[in-house]
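Structure record follows, encoded as structure tokens.
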Amino acid sequence: MPDLKSTESEIELFPGSNDLLESVFEKFQDYERFREVFYESVREDLEELAKARRISEEEAMRRWYR
Amino acid sequence: MIDGENTLLPLVHFDASHPWDALWKLCQPSMEQHGATMLRARLDGVAKAVAVEHHYIDRDYRDTFSHYHSKRFNTPNSRTLRLHFFDQPLSRKDLLDASVAQPAYCGYAVIRPTRPICLGRTMISPTKLPDLKGCLLRVSREQITLQGTPLEIEAFPFISQDTDATVCAQSALWMLFRYFSTQYAHYHEIRPFEITQLTKDYSIGRVYPATSGLTDWQMGEACRQAGFSPLIYTRRGYGSDFDHLLYTYIESGIPVLAATSDHVFVALGHFSDYSKTLPSADRVPSSFFNSGFIINDDNRMPYQHLPSKKAAPASLQTSNHGVDSLESFIAPLPEKVFLAAEHQEKLVQRLLDDGTFGLAANSLKLSSQQIITRSFLTSGRSFKKAIQARGMGNPRVAEIYRSLPMPRFIWVTEISTPKEFPDRMCGEVLWDATRNEHEVDGWIAVHYPEFLALDVGSALNTLPNIKKFNLDKHTPYEPYKSNLECLI
């Protein structure tokens, strides 16, 4: 069986692309930390938007169009 | 002049002795005052000749006739008239030659024998209408034949309510569904009576005659039954973001059902004033320049202007409603769009502020001045198709975008400057529209004049793997234009 994971990691977007593109995060854990901080920074906004959706869906049964 | 007045296809040439009233006489007894007023207001000065196709069997009217009108004691005629409009005074012989008739073809209107409104399926080419100059809107392409001559029409479908089987809610749904089924093979054609049946499991009492109308919820449900993933937005829920979100969906080429407190119509395009003075904010959305929307209101005529503020309309081309009188809208999203406009907007704005991927950290050019952002949804396929022609500011960016596997739908936020907007762009953020709002790392690429970052891992369906590329040169490039037809 071929080692699919290592085959994937060798795929290039175009010839030579892997030499041109550099990694932003050294370790995957660094990336996960970045993602957690990012999520925390938008959590309240997402909660506000969830409220807006609930208001809209409750209101959706009230107006009749004829 | 009327050529062949007593034939099955009279041809009317408008002149001093044969004004519009001569045409209406030929259309009796089906034509009524309201339909005549609307058609004339829409096409006066544009149409030079009209072919009147008698005994036309219209599939939409036949649908309501079979299921509703035929069950009445006093039944209207089962057949209709179809009026074909031309902007040149074509002869009867010209009508046999598609190469002559096609360039002059403005579209058609079916005249039903229904009261109080007779206007049935209508397709009028917006490119023939001078009041729409500068507007951006969606159209669908339909092929028809006129006594065997093949003709093509690009238009947004219009129909008026018959007040029996359909009122404004069903008519608006019909216009929306017919646009999608004419334009995309994925959606099947739905006829007016079928629309009344889409809500039969979600109704109180009978579904026709349709005099009680439909609610937002029922219209959303009809969209769902028709294969869409509808989202309902109300002004009370979304407050100051409401108009921007409506604009964003229209800019995405998605026609929406827009509603006032008691009436609903289809919003299918917009028009902007780019000479407006910019506010002092660091970032300005392109919706700031919006001056109103183009709507199909079943009580009026195709392609009315809906101005920003409600006011007494100067002409029948302008709606008696305003954007400020809209209370809700329904966006009929394609099934695979899981990320809504409001979530994409919040996530992108946060990303532009981010210490790692934001403007300040990566773009001297863009962080040192005010920027204008333009957000829209499109398919990965359409976005890629336009890459070569647009150039994307740097050949390397174009090459990477073309190579990168992309999802079926993507959100794009283009970035520009007051100097370049609206003709040139300086970068963009691409976001996977098949992600949900809690996947805050759903972006595909971040591109500024000096910087490109990509999530190569997600593109290859593996763990996220963010790569960056520093760009040495940059040329501002054309905005993405494939979502809406620009009328010049």
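Scan region B:166-212 for residues that are within 11 Å of chain A (Cβ to nearest Cβ) and at pLDDT 85 or above and jot them down.
Of everything in region B:166-212, those that are within 11 Å of chain A (Cβ to nearest Cβ) and at pLDDT 85 or above turn out to be B:CYS168, B:ALA169, B:GLN170, B:SER171, B:ALA172, B:LEU173.
For residues in region A:47-66 being among the hydrophobic types (A, V, I, L, M, F, W, C) and touching a helix residue (DSSP H, G or I) at 6+ places or on another chain (Cβ under 7 Å), which is farthest from B:CYS168 (Cα to Cα)?
Kept after step one, since they are among the hydrophobic types (A, V, I, L, M, F, W, C), are these residues of region A:47-66: A:49-50, A:52, A:55, A:60-61, A:64.
Pick out the ones that are also touching a helix residue (DSSP H, G or I) at 6+ places or on another chain (Cβ under 7 Å) and you get A:49, A:52, A:55, A:60-61.
Working: A:LEU49: 30, A:ALA52: 27, A:ILE55: 24, A:ALA60: 17, A:MET61: 17 Å.
Restricting to residues being among the hydrophobic types (A, V, I, L, M, F, W, C) and touching a helix residue (DSSP H, G or I) at 6+ places or on another chain (Cβ under 7 Å), the top hit is A:LEU49.
I'm trying to understand the selection: among the residues of region A:25-52, which are assigned to a helix (DSSP H, G or I), of a type outside the set (S, T, N, Q) and more than 7 Å from chain B (Cβ to nearest Cβ)?
Correct list: A:ASP30, A:GLU32, A:ARG33, A:GLU36, A:VAL37, A:GLU40, A:ARG43, A:GLU44, A:GLU47, A:GLU48, A:ALA50, A:LYS51.
Yes/no matrix, rows are residues, columns are (1) farther than 29 Å from B:LEU246 by Cα; (2) aromatic (Phe, Trp, Tyr); (3) modelled with pLDDT under 95; (4) touching a helix residue (DSSP H, G or I) at 6+ places or on another chain (Cβ under 8 Å):
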{"position": "B:SER363", "(1), (2), (3), (4)": "yes, no, no, no"}
{"position": "B:LEU377", "(1), (2), (3), (4)": "no, no, no, yes"}
{"position": "B:LYS385", "(1), (2), (3), (4)": "no, no, no, no"}
{"position": "B:SER416", "(1), (2), (3), (4)": "no, no, no, no"}
{"position": "B:LYS419", "(1), (2), (3), (4)": "no, no, no, no"}
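Quick one: in region B:186-233, of everything that is among the small types (Gly, Ala, Ser) and closer than 11 Å to B:GLN170 by Cβ, which residue is surrounded by the most Cβ atoms within 10 Å (Cβ to Cβ)?
At the first step, the residues of region B:186-233 found to be among the small types (Gly, Ala, Ser) are B:203, B:205, B:210, B:212-213, B:220, B:222, B:226-227, B:229.
Restricting the remaining residues to those that are closer than 11 Å to B:GLN170 by Cβ gives B:210, B:213, B:222.
Values: B:ALA210: 26, B:GLY213: 19, B:ALA222: 28.
The qualifying residue surrounded by the most Cβ atoms within 10 Å (Cβ to Cβ) is B:ALA222.
For region B:457-469, what are the residues that are at the interface with chain A (Cβ under 7 Å from one of its Cβ atoms) and not in a loop (DSSP other than H, G, I, E, B)?
Of everything in region B:457-469, those that are at the interface with chain A (Cβ under 7 Å from one of its Cβ atoms) and not in a loop (DSSP other than H, G, I, E, B) turn out to be B:ILE466, B:LYS467, B:LYS468, B:PHE469.
Check B:ILE372 against each of (1) within 11 Å of chain A (Cβ to nearest Cβ); (2) aliphatic (A, V, I, L, M); (3) not in a helix (DSSP H, G or I) and name the one condition it does not meet.
Only one criterion in (1) within 11 Å of chain A (Cβ to nearest Cβ); (2) aliphatic (A, V, I, L, M); (3) not in a helix (DSSP H, G or I) is unmet by B:ILE372, namely (1).
Please tell me if B:PHE329 is within 30 Å of A:ASP30 (Cβ to Cβ), crowded, with 21+ Cβ neighbours inside 10 Å and aromatic (Phe, Trp, Tyr).
Numbers: within 30 Å of A:ASP30 (Cβ to Cβ): no; crowded, with 21+ Cβ neighbours inside 10 Å: yes; aromatic (Phe, Trp, Tyr): yes.
Here the answer is no, as B:PHE329 does not meet what is asked.
So, in region B:179-197, how many residues would count as being touching a helix residue (DSSP H, G or I) at 6+ places or on another chain (Cβ under 8 Å) and in a helix (DSSP H, G or I)?
Summing the residues that are touching a helix residue (DSSP H, G or I) at 6+ places or on another chain (Cβ under 8 Å) and in a helix (DSSP H, G or I) in region B:179-197 gives 5.
Can you find, within region B:435-456, the residue that is farthest from the chain's Cα centre (by Cα) among those that are touching a residue at least 60 places away in the same chain (Cβ under 8 Å) and in a loop (DSSP other than H, G, I, E, B)?
Filtering region B:435-456 for residues that are touching a residue at least 60 places away in the same chain (Cβ under 8 Å) and in a loop (DSSP other than H, G, I, E, B), the one farthest from the chain's Cα centre (by Cα) comes out as B:GLU450.
For region B:423-434, check the following and say yes or no: at least one residue is hydrophobic (A, V, I, L, M, F, W, C) and part of a loop (DSSP other than H, G, I, E, B).
Filtering region B:423-434 for residues hydrophobic (A, V, I, L, M, F, W, C) gives B:425-426, B:429-431, B:433.
Right, trim to part of a loop (DSSP other than H, G, I, E, B) and you get B:426, B:433.
For region B:423-434, residues hydrophobic (A, V, I, L, M, F, W, C) and part of a loop (DSSP other than H, G, I, E, B): present.
Looking at B:SER375, is it among the small types (Gly, Ala, Ser), surrounded by 23 or more Cβ atoms within 10 Å (Cβ to Cβ) and within 20 Å of B:GLU478 (Cβ to Cβ)? Walk me through it before giving the result.
Values: among the small types (Gly, Ala, Ser): yes; surrounded by 23 or more Cβ atoms within 10 Å (Cβ to Cβ): yes; within 20 Å of B:GLU478 (Cβ to Cβ): yes.
Yes: the conditions hold for B:SER375.
Could you run through region B:435-450 and say how many residues are within 18 Å of B:ARG402 (Cα to Cα) and either modelled with pLDDT under 95 or within 11 Å of chain A (Cβ to nearest Cβ) (or both)?
2
Confirm whether A:LEU21 is over 30 Å from B:THR260 (Cβ atoms) and buried (at least 17 other Cβ atoms within 10 Å of the Cβ). Can you show your working first?
Values: over 30 Å from B:THR260 (Cβ atoms): yes; buried (at least 17 other Cβ atoms within 10 Å of the Cβ): yes.
The answer is yes for A:LEU21.
Residue-by-condition table, conditions (1) without any contact (Cβ under 8 Å) to a residue 60 or more places away in the chain; (2) away from chain A (no Cβ under 14 Å); (3) surrounded by 24 or more Cβ atoms within 10 Å (Cβ to Cβ); (4) among the small types (Gly, Ala, Ser):
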{"position": "B:PRO313", "(1), (2), (3), (4)": "yes, yes, no, no"}
{"position": "B:LYS336", "(1), (2), (3), (4)": "no, yes, no, no"}
{"position": "B:ASP353", "(1), (2), (3), (4)": "yes, no, no, no"}
{"position": "B:PHE357", "(1), (2), (3), (4)": "no, no, no, no"}
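The values are calculated or read from the model by the stated rules, or taken from the named source; none is laboratory data. As the structure is a prediction and not an experimental result, all values here were calculated from the model. For neighbour counting, all protein chains shown are included, and Cβ atoms are generated from backbone atoms with ideal geometry for every residue, glycine included.
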